[in-house]
Amino acid sequence: MKIREIHNLFQKLEMEVREGRDTIAKFRYNGEVIVRTRVPHKSGDLKGQLVHFIRQQLRLNETQFQELVSCTLSRKDYEIILKSKGYIDS
C-alpha cells in the first residue's frame, strides 16, 4: 500500500493531520480525540507491518479496512463501527 493512499484515507475520514517528524492523523468525535495514527514522510510503499499497525490504530478489522480502502466505508460508517466497539459513547 502506498503512503499516498493512507493520506487519502485520512482525508476521507476527515482526520486532523499534522506534519512533524512523521505525519500524524487524529480522528475527533465531538471534539475528543478517539483515534491517533502516524505514517512516515517517505513516498512510495509502506514497508513491513506498517499497514497492519495503521489498521489496528484505526480500530478496524481486515474486512473493514479493505472497505475503507475501496471507498465503500464512509466517515458515518466509521463512527458506527467505533460506537459498536465502545470507543465512542452512543
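Worth pointing out:
- Of the residues GLN66, GLN56, the single one that is more than 11 Å from the chain's Cα centre (by Cα), without any contact (Cβ under 8 Å) to a residue 24 or more places away in the chain and exposed (fewer than 14 other Cβ atoms within 10 Å of the Cβ) is GLN66.
- Selection over the stretch 44-53 of residues that are closer than 15 Å to LYS2 by Cβ and surrounded by 14 or more Cβ atoms within 10 Å (Cβ to Cβ) gives a count of 3.
- Subset of the stretch 57-90 [among the aliphatic types (A, V, I, L, M) and touching an Asp or Glu at 6+ places or on another chain (Cβ under 9 Å)]: LEU60, LEU68, VAL69, LEU73, ILE88
- Looking at ARG21, ARG4, just one residue is assigned to a helix (DSSP H, G or I), surrounded by fewer than 13 Cβ atoms within 10 Å (Cβ to Cβ) and out of contact with any Gly (no Cβ under 8 Å at 6 or more places or on another chain), and that residue is ARG4.
- Filtered residues of the stretch 1-44 (kept if of a type in the set (Asp, Glu) and either at negative phi or modelled with pLDDT under 90 (or both)): GLU5, GLU16, GLU19, ASP22, GLU32
- Filter result (in a loop (DSSP other than H, G, I, E, B), charged (D, E, K, R) and more than 15 Å from PHE10 (Cβ to Cβ)) within the stretch 34-90: LYS42, LYS47, LYS85, ASP89
The values are calculated or read from the model by the stated rules, or taken from the named source; none is laboratory data. Computed from a predicted model, the values in this text were never measured in an experiment. Backbone-built Cβ (ideal geometry, glycine too); neighbour counts: all protein chains shown.
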